[in-house]
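Novice: Structure incoming, see below.
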Amino acid sequence: MKTRPLAVALLLALAPATFPTLVWAQAPADDATTASARARFKEGVDFYDKGDFEQARASFVQAYALKNHPAVLLNLAWSCVKSGHALEAEKYFKKFLAEGKDITDKQRADANDGLTQARSKLGRIEIAAAAGTEVTIDGEKVGTAPLSDPVAVEAGAHTVKFKGTDGGTDTQSVTVLGGEKATAKFGKGGAAAAATPTTATPATEPTPEETKPAPEETKPPETAHPPPGAESHGGSPLSPPATLWPAIVLGVAAVGGFVGAGVMVGFKGQAQNQANSTATQIVGHGGGGGTCSAPIASNFQQACAAYTTDNNQVNQDATAGNLLVGVGVVATVGFIAYWLLADKGGSGNTAVVMHPVLTPVVGRSLSGLSMSTSF
């Protein structure tokens, strides 16, 4: 673990006479920009030596904006590591290694060491989505699926938004600790691609012309008319079954399944919020990569236990919700089949028929599909 910038930075700060030769060799001594960059660089070294890494980072950012020199970039990357800006540090270390042409073996080793430290503090979010899906994390577009690598993020809770090629969208909250990887999935077609709620189209009312009685000579014989009660035997499939209790049981099971699934959605969301809050607290108290992996430090044992419990509860609630959705869907299909196919009875009495209207509402829910019905 380093406690100060690289030796070259310290030498540049303590030996002003050599500064123009080492860092700004191509700039005239009286160049105002060079002088300003040199002042910001020395200021950054002073802040770093005092342990004020945030101020050091700000000074090195200003110096690098004035003069894009590898020595400044490397010190900027280390100040980002020390001040808790791991994502910026990773970017600067990678840039130093990619663009540095005349760096020494020691500088390269130092940069690789810093890159390893930065990555240990970062989480990774792997994106699983159909090709062409636009992906945004915390308001910043990160690309279009498929992404070649998981997206590096600061440890903590993040908002992942998807937009499918068909216009479907979804938003997810993903929590990841340093050194860990989480997956954000977007189903084919997206949440917004769900079927639009529809209702059964009523039969077209016949026109007066269609209801006009046939001429006397073309009327069918009286024996062609159905006898009383025949309508209940072979009439409309929407007529109520002769035995209603199976339909009642299936209807109650369907409603109970969907209501139970909704309750589990609420429980799952509550557990996810608790997990996000705990992860944020762990990060806020210095937790990083492998904090909740054995062996766990004594000051993080209670927090890690709560984090693990909350994540387990999220999975349990999601599983229970999916099962309840399945029960609701099966019961709904059974209800419809029974209502249409069951014996309609033959009492010959006129009955008041209650026609069910099924209104499917299909969408994302607990990583599956949901459906509601109204009667």
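The values are calculated or read from the model by the stated rules, or taken from the named source; none is laboratory data. Predicted, not measured: the structure shown is a model, and the values here were computed from it. Note: ideal-geometry Cβ built from the backbone for every residue, glycine included; neighbour counts use all protein chains shown. With ligands, DNA and RNA removed, areas are computed over all heavy atoms of the protein, side chains included. Shrake-Rupley method; radii C 1.70, N 1.55, O 1.52, S 1.80 Å.
Novice: Only one residue in 178, 190 is closer than 30 Å to residue 303 by Cβ, buried (at least 18 other Cβ atoms within 10 Å of the Cβ) and at pLDDT below 80, so which one is that? Spell out how you get there, then give the answer.
Specialist: Working: 190 fails: closer than 30 Å to residue 303 by Cβ.
Within the list 178, 190, the selection yields 178.
Novice: Another question, then. Can you pull out the residues in segment 89-112 that are in a helix (DSSP H, G or I) and open to solvent by less than 30 Å² (accessible area, probe 1.4 Å)?
Specialist: Residues of segment 89-112 that are in a helix (DSSP H, G or I), as a first pass: 89-99, 105-112.
Correct list: 89, 90, 93, 96, 110, 111.
Novice: Moving on to the next point. Read through the list (1) of a type in the set (S, T, N, Q); (2) at pLDDT below 85; (3) in a loop (DSSP other than H, G, I, E, B), then give the number of the only condition that residue 165 fails.
Specialist: Result: residue 165 passes all but (2).
Novice: If you don't mind, another one. What is the residue count in segment 269-284 for residues that are buried (at least 21 other Cβ atoms within 10 Å of the Cβ) and either within 16 Å of the chain's Cα centre (by Cα) or at pLDDT 90 or above (or both)?
Specialist: Our first condition is that a residue be buried (at least 21 other Cβ atoms within 10 Å of the Cβ); within segment 269-284, this holds for 272, 275, 278-279, 282-283.
From what's left, either within 16 Å of the chain's Cα centre (by Cα) or at pLDDT 90 or above (or both): 272, 275.
So the count comes out to 2.
Novice: While we're here: Being closer than 21 Å to residue 121 by Cα and either crowded, with 20+ Cβ neighbours inside 10 Å or in contact with a strand residue (DSSP E or B) (Cβ under 6 Å, 6 or more places away or on another chain) (or both) is the filter here; which residues of segment 57-71 pass it?
Specialist: Once the filter is applied, which keeps residues that are closer than 21 Å to residue 121 by Cα and either crowded, with 20+ Cβ neighbours inside 10 Å or in contact with a strand residue (DSSP E or B) (Cβ under 6 Å, 6 or more places away or on another chain) (or both), segment 57-71 yields only 57.
Novice: Here's another thing I want to ask about it. Residue by residue through segment 115-149, note down the ones that are out of contact with any Gly (no Cβ under 8 Å at 6 or more places or on another chain) and hydroxyl-bearing (Ser, Thr, Tyr).
Specialist: 116, 136, 148, listed by residue number.
Novice: Let me ask something additional. Out of the residues in segment 66-92 that are of a type in the set (D, E, K, R) and modelled with pLDDT of 90 or more, state the one that is farthest from residue 282 (Cα to Cα). Outline the logic, then answer.
Specialist: Quick first cut of segment 66-92, residues of a type in the set (D, E, K, R) only: 67, 82, 88, 90-91.
Filter again for modelled with pLDDT of 90 or more, leaving 82, 88, 90-91.
Values: 82: 18, 88: 21, 90: 21, 91: 24 Å.
Applying the filter and picking the extreme gives 91.
Residue by residue, here is whether (1) touching a residue at least 40 places away in the same chain (Cβ under 8 Å); (2) more than 15 Å from residue 46 (Cα to Cα) holds:
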{"position": "67", "(1), (2)": "yes, yes"}
{"position": "70", "(1), (2)": "no, yes"}
{"position": "75", "(1), (2)": "yes, no"}
{"position": "86", "(1), (2)": "yes, yes"}
{"position": "98", "(1), (2)": "no, yes"}
{"position": "103", "(1), (2)": "no, yes"}
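Novice: Taking the stated definitions as given, is residue 95 modelled with pLDDT of 90 or more and charged (D, E, K, R)? Steps first, please.
Specialist: Values: modelled with pLDDT of 90 or more: yes; charged (D, E, K, R): yes.
For residue 95, the condition - modelled with pLDDT of 90 or more and charged (D, E, K, R) - is met.
Novice: Right, another one. Quickly run through segment 61-84 and pick out the residues that are farther than 30 Å from residue 31 by Cα and touching a helix residue (DSSP H, G or I) at 6+ places or on another chain (Cβ under 7 Å).
Specialist: Of the residues in segment 61-84, the ones farther than 30 Å from residue 31 by Cα are 81-84.
Within segment 61-84, 81, 82, 83 meet the criteria.
Novice: Still on this structure, please answer the following. I'm trying to understand the selection: among the residues of segment 285-322, which are surrounded by fewer than 16 Cβ atoms within 10 Å (Cβ to Cβ) and modelled with pLDDT of 85 or more?
Specialist: Those that are surrounded by fewer than 16 Cβ atoms within 10 Å (Cβ to Cβ) and modelled with pLDDT of 85 or more: 309, 312, 315, 316, 319.
Novice: Continuing with this model, one more query. Report, by residue number, each residue of segment 132-158 that is free of Cβ contacts under 8 Å to residues at least 24 places away in the same chain, open to solvent by 30 Å² or more (accessible area, probe 1.4 Å) and farther than 28 Å from residue 82 by Cα.
Specialist: Residues satisfying the conditions are 144, 146, 147, 148.
Novice: Please pick out the residue among 122, 115, 74 that is open to solvent by less than 60 Å² (accessible area, probe 1.4 Å) and farther than 30 Å from residue 172 by Cβ. Before you say what the answer is, go through the steps one by one.
Specialist: Numbers: 122 fails: farther than 30 Å from residue 172 by Cβ; 115 fails: farther than 30 Å from residue 172 by Cβ.
Of 122, 115, 74, the one residue that is open to solvent by less than 60 Å² (accessible area, probe 1.4 Å) and farther than 30 Å from residue 172 by Cβ is 74.
Novice: Across segment 120-148, what is the total count of residues that are outside any strand (DSSP E or B) and in contact with a helix residue (DSSP H, G or I) (Cβ under 6 Å, 6 or more places away or on another chain)? It would help to see each step written out before you state the result.
Specialist: Pass one, segment 120-148, residues outside any strand (DSSP E or B): 120-121, 129-133, 138-139, 145-148.
Okay, now just the ones that are also in contact with a helix residue (DSSP H, G or I) (Cβ under 6 Å, 6 or more places away or on another chain), so 121.
Residues in segment 120-148 being outside any strand (DSSP E or B) and in contact with a helix residue (DSSP H, G or I) (Cβ under 6 Å, 6 or more places away or on another chain): 1 in total.
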